[in-house]
Structures are given as C-alpha cells and as structure tokens.
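The structure under discussion appears below in the form of structure tokens.
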Amino acid sequence: QVQLVESGGGLVQPGGSLRLSCAASGFIFSIYVMSWYRQAPGKERELVASITSSQSTRYADSVKGRFTISRDNAKNTVYLQMNSLNTEDTAVYYCNAYYSDVNFAFWGQGIPVTVSS
C-alpha cells in the first residue's frame, strides 16, 4: 500500500522554525522526486520545494534561503526544514511523490502549519 505520512506541523511564532517529515512506504522511495507543496486558505496549491533522486533541489522564490529540503533514502523519509517563518507561510503542507517515467504521482494527507503570535 502506497503511503505518505506527514508530521511535524503545528503552531509557531513568527521568526520561529519547524521541521516537517514525510515518511514513505509501499514504493521504491529512492527513485521518486519528492516535493513539498502548500495550500493557504483561499489560494491554489503551490510548489514549495522538491528534491530529485540525485539530491538536486529547487525552491519557490518565496522560501529560498529560509527552507531546506532533504531526503534520507535509508529511512524512506523527506524533510522540510523551515526557518524564519512568517505569517505568509501559514498553510496546509503536502508531501508529494512523483515518478516521471510513468507520470505517476501521489500525495500525503497534508499537515497544517500556522505562523502566528
């Protein structure tokens, strides 16, 4: 059974940090592009960061220099370290796995992150 389970979200003050984790199971994690997306209230889902099987990364302009995506293939887990959080980072964050050879993707259930004083 293919599964992505996010954890690590919650409430944090502006300027604070959180680390999201996404534990994967049921597929060959190491060959998938792993990404984090987010969806704020009333807005479309947007790509936050992605990491390929060869550890190449890319980021949305809005999070460059503040967020870091990483993966541990031995643990089948992808992480998103989020620093210097601000209220505009408030959203539900989703983990995504994508395999380009067969154009197949699936999602985690999402985890809320709220940045508020």
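The values are calculated or read from the model by the stated rules, or taken from the named source; none is laboratory data. Just so we're clear, the structure is a prediction, and the values are computed from it rather than from any experiment. When we count neighbours, we look across all protein chains shown, and the Cβ atoms used for this are built from the backbone with ideal geometry, even at glycine. Note: accessible area is taken over every heavy atom of the protein model, side chains too, but ligands, DNA and RNA are not part of it. Shrake-Rupley method; radii C 1.70, N 1.55, O 1.52, S 1.80 Å.
Could you look at the chain and say what percent of its accessible area is carbon and sulfur, using a 1.4 Å probe and all protein chains?
In the chain, the share of accessible area belonging to carbon and sulfur is 47 percent.
Calculate, axis by axis, the spread of Cα positions in segment 50-100 along the three principal axes, and write the results as whole Å, longest axis first.
Result, largest extent first: 33, 21, 19 Å.
Normalised by the number of residues in the chain, what is the relative contact order in percent for Cα pairs under 8 Å and 6+ residues apart?
Values: 278 pairs, mean separation 40.6, N = 117.
Relative contact order comes out at 35 percent.
Could you work out which residue, out of Arg71, Arg38, Arg58, moves most in a Gaussian network model of the chain, that is, has the largest mean-square fluctuation with Cα springs under 10 Å?
Of Arg71, Arg38, Arg58, the Gaussian network model singles out Arg58 as fluctuating most.
For the chain, modelled as a Gaussian network with Cα springs under 10 Å, which listed residue fluctuates most, Ile69, Ile28, Ile51?
Highest fluctuation among the options: Ile28.
Placing +1 on the Cβ of each Lys and Arg and -1 on the Cβ of each Asp and Glu in the chain, which of Ile111, Pro14, Tyr98 has its Cα farthest towards the positive end of the resulting dipole?
Positive-most Cα among the choices belongs to Pro14.
Farthest toward the dipole's positive end in the chain, which of Asn83, Ile31, Ala49, given Cβ charges of +1 (Lys, Arg) and -1 (Asp, Glu) about the Cα centre?
My answer, from the dipole projection, is Asn83.
Does segment 1-59 come out rounded, prolate or oblate, given a ≥ b ≥ c as the square roots of the eigenvalues of its C-alpha gyration tensor, rounded meaning a/c under 1.5 and, failing that, prolate meaning a/b above b/c? Mind dumping the intermediate values first?
Values: a/c = 1.75, a/b = 1.57, b/c = 1.11.
Prolate, since a/c reaches 1.5 and a/b exceeds b/c.
Could you give the C-alpha radius of gyration of the chain expressed as a fraction of 2.2 N^0.38 Å, taking N as the number of residues it contains? Can you show the working numbers first?
Details: Rg = 13.5 Å, N = 117, 2.2 N^0.38 = 13.4 Å.
It is 1.01.
Relative to the Cα centre, what is the charge dipole magnitude of segment 14-90, using +1 at the beta carbon of each Lys and Arg, -1 at the beta carbon of each Asp and Glu, and rounding to the nearest 20 debye?
Details: 9 positive and 6 negative charges, 28 e Å.
Taking the Cα centre of segment 14-90 as origin, the dipole is about 140 debye.
How much area per residue is accessible in the chain when the probe is 1.4 Å and only protein heavy atoms are counted (Å²)? Kindly include the intermediate steps, with their values, before the conclusion.
Working: 6200 Å² over 117 residues.
I get 53 Å² per residue for the chain.
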